[in-house]
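Please treat every number below as a calculation from the coordinates, not as lab data. In this text the structure is predicted, and so the values were computed from the model without any measurement. Positions of Cβ are generated from backbone atoms using ideal geometry, with glycine treated the same way; all protein chains shown enter the neighbour counts.
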C-alpha cells in the first residue's frame, strides 16, 4: 500500500494519548541480537512515537532507540531517506548518536487495536563506523 492509499484515522481516536502498557524491540546491533523494553509509546494526532530503553535499567544512562512515524505511513514499508522524513529513528548509546538515513521500517497498526508491531532492517546513519541495526522487530501493547 502506498502512502497515498494509507488508511485515514478518525480525529476522535487521536484525542488524548495512548501510552504503552508493555512491549519490546528485538534487534541485531552490529551482529549481536539484543532485546530492549519499551519505555514510552504514544499515539498523537499525526504520528506514533516509541522509545526503547537500551540502558539496562541504569537511570544515569540515556541509551535509547526512538522512532517517530507519521500516521500516513503506517502499514507500508518505508525507506529511511534522510533526517526525519518521512520516518525518524534515533539510535543513542554511550559512544554514538545518529539518525537513520538508510534501511527501512514497516509499522503495522489498525485503528482500535491495542497492538502495534513493526519490522526494520539494515538501518544505519550517514557516518561510517556507526552501529547497524539488522533483523529487528518490535511489538507494543497500548493501554
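Quick one: order 89, 21 by neighbouring beta-carbon count within 10 Å, fewest to most.
On the way: 89 23, 21 12.
Going from sparsest to densest Cβ surroundings: 21, 89.
Past the 12 angstrom mark, what percentage of all C-alpha to C-alpha distances in segment 52-109 do you count?
Numbers: 1086 of 1653 pairs.
I get 66 percent for the Cα pairs in segment 52-109 exceeding 12 Å.
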Based on the alpha carbon coordinates of segment 25-142, what radius of gyration and maximum Cα-Cα distance (Dmax) apply, in Å?
13.4, 41
Contact order relative to length for segment 25-142, counting C-alpha pairs under 8 Å separated by 6 or more residues, stands in percent at 23 percent
